[in-house]
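What follows is calculated from the coordinates using simple rules that are stated; it is not laboratory data. For clarity, every value in this text was computed on a predicted model and none was experimentally measured. Quick reminder, even Gly has a Cβ in these numbers, built from the backbone with ideal geometry, and neighbours come from all protein chains shown.
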Amino acid sequence: MAGHDCKTADWSTGTVVSNFHQKYGFFEARLKIADIGGMNNAFWLTTLFPDQHEIDVTEYRLPSYDHMNLCNWNKSLKSNCLGLQVKFADNLSEEFHDFGVLWTSSELIFEVDGNPVGAFLTLDPIDAPAEMRFSTALADWAGKGSSGSPVGHDMIVQSVHVFAL
C-alpha cells in the first residue's frame, strides 16, 4: 500500500482555486462528496492578503458530519475561529447536495439543500474579496481512514453559483 504523504504516495488529493474574486454575495456549489472515510471534502472561500479570513462553506466527512467555519488568520491579530458542526441523519455521499453561504457585511448564513443550518455575525469586518476553493485531503482528523488509495473515490462538483449582492 502506498504511503499517505506526497513524497511516497502514488496518488494525491488536490485543490482547485477560482481565478476571480468576489466580496459579499451568495456562494453555492452542488457537490457529491467522496464515499470513503478519512477524506475531508471542502468548499471554502479565502480572502486576499492582508485580510486573511477563511470561510468554510463545508468541510464534509463521512458518514454525516459537516463543519462550517469562519477563521481569521491575520498574524497581526490573534488568530481565531468560530465553528458550527452539523450531523445529518443521511449519508450525503450517496447523492448530490447543495452547500452554500450568504455572505453580507454583517453575517454569514450557511445552507444545505436550500435549508439554513446556521449563522454567524461578523463582528470584525471582512474587508477583502475572496477566491473560491474546492479541495479534498486525506487526514487522520477527517475520520476513520480509508483502506488505501482514494482513486475512484472523488468529490464531484456538478455546478457552482455565485450571486453578487
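What percent does the relative contact order of the range 23-127 come to when contacts are Cα pairs within less than 8 Å and at least six residues apart?
26 percent.
Calculate the tail of P(r) for the range 103-143: the fraction of all Cα-Cα distances greater than 17 Å, expressed in %.
Values: 463 of 820 pairs.
Tail of the P(r) past 17 Å holds 56 percent of the pairs.
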Item to check | Proxy reagent accessibility, fewest Cβ within 10 Å first, across GLU94, GLU131, GLU111 | outcome: GLU94, GLU131, GLU111
Checklist outcome for this item: Along the range 135-142, Karplus-curve 3J(HN,Hα) (6.51, -1.76, 1.60; θ = phi - 60°) to the nearest Hz, with x for Gly and Pro, reads 8, 10, 8, 7, 7, 4, 6, 8
Checklist entry - Assuming a viscosity of 1.306 mPa s and a temperature of 10 °C, what translational diffusion coefficient in µm² per second does Stokes-Einstein assign to the range 23-127, Rh being the Kirkwood radius over Cα pairs? => result 112
Checklist entry - Given H placed on each backbone N at 1.01 Å, which residues far from VAL117 in sequence or on other chains put an amide H within less than 5 Å of it? => result PHE110, GLU111, VAL112
Checklist entry - For the residue pair GLN158 and ALA139, what label-to-label distance in nm results when each label sits 7 Å from Cα along the Cα-to-beta-carbon direction? => result 2.7
